[in-house]
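First comes the structure, then the notes that go with it.
The values are calculated or read from the model by the stated rules, or taken from the named source; none is laboratory data. Here the structure is a predicted model, which is why all the values come from computation and not from measurement. All Cβ positions, even for glycine, are placed from backbone atoms using ideal geometry, and neighbour counts span all protein chains on display.
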Amino acid sequence: MSSPSPRLLPSQPHLLEKRASRKNGEAAQCLGAIVESSEDAIIGESLDDIITSLNAGAERMFGYTREEVIGRSISILHSEVDSEERGAILELIQQGRSAKHFETKRQRKYGTHIDVSVSVSPVLAAWR
């Protein structure tokens with residue numbers, strides 16, 4: 001008795017693309033949920049220093065709501081003394097490089113300063 005030969009199905013690339021798109025969408029939603037539920041403050045900003053997004057951890061750490069800061073300059077979180085630091089970070093990001101784990105200070109909504117460890121990375125996919 002011979003085993004049945006495998007059945008070949010006609011190629012249906014549109015179904016494969018649809019499945020891949022759905023899986024990518026699910027992965028993006030999962031990643032978004034991870035970022036949102038993180039205790040770490042995660043802030044998105046544009047190359048011209050405008051806050052584009054932040055997670056709940058950032059809201060708790062800095063005391064601002066999303067509505068208060070999205071569209072505003074990231075400088076609201078910086079003290080007056082770190083403009084040189086800010087320029088160096090921006091230069092790295094514009095080159096597509098990261099600034100990893102450096103200690104600095106940031107300013108909360110009502111002016112108090114906090115010690116933070118910061119990592120800054122470009123989101124390269126957004127540049128393509």
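Exactly one residue out of 51, 76 is modelled with pLDDT of 85 or more, aliphatic (A, V, I, L, M), assigned to a strand (DSSP E or B) and at negative phi: that is 51. Of the set (1) within 17 Å of the chain's Cα centre (by Cα); (2) modelled with pLDDT of 85 or more; (3) within 16 Å of residue 45 (Cα to Cα); (4) loosely packed, with under 13 Cβ neighbours inside 10 Å, all apply to residue 117 but (3). Only a single criterion out of (1) surrounded by fewer than 15 Cβ atoms within 10 Å (Cβ to Cβ); (2) of a type in the set (S, T, N, Q); (3) more than 18 Å from the chain's Cα centre (by Cα) is not satisfied by residue 107, namely (1). Scanning region 61-102 for residues that are in contact with a strand residue (DSSP E or B) (Cβ under 6 Å, 6 or more places away or on another chain) and among the β-branched types (Val, Ile, Thr) yields 69, 70, 74, 89.
Look at region 82-111 and say how many of its residues are of a type in the set (A, V, I, L, M), in contact (Cβ under 8 Å) with a residue 12 or more places away in the chain and part of a helix (DSSP H, G or I). Steps first, answer last, please.
As a first pass, look at region 82-111 and keep what is of a type in the set (A, V, I, L, M): 88-90, 92-93, 99.
When the remaining residues are screened for being in contact (Cβ under 8 Å) with a residue 12 or more places away in the chain, the result is 89-90, 92-93, 99.
If we keep only those that are part of a helix (DSSP H, G or I) too, we end up with 89-90, 92-93.
Matching residues across region 82-111 total 4.
Which residue is nearest to residue 91 (Cα to Cα), if the candidates are limited to region 47-74 and must be among the basic types (Lys, Arg) and over 16 Å from the mean Cα position of the chain (by Cα)?
Result: 72.
Here residue 100 meets the list (1) at pLDDT below 85; (2) surrounded by fewer than 10 Cβ atoms within 10 Å (Cβ to Cβ); (3) charged (D, E, K, R) almost entirely, failing just condition (2). Scanning region 19-48 for residues that are part of a loop (DSSP other than H, G, I, E, B) and touching a helix residue (DSSP H, G or I) at 6+ places or on another chain (Cβ under 8 Å) yields 38, 39, 40, 41, 42, 47. Checked against (1) exposed (fewer than 12 other Cβ atoms within 10 Å of the Cβ); (2) over 17 Å from residue 106 (Cα atoms); (3) at pLDDT below 90, residue 81 passes all but a single condition, namely (2).
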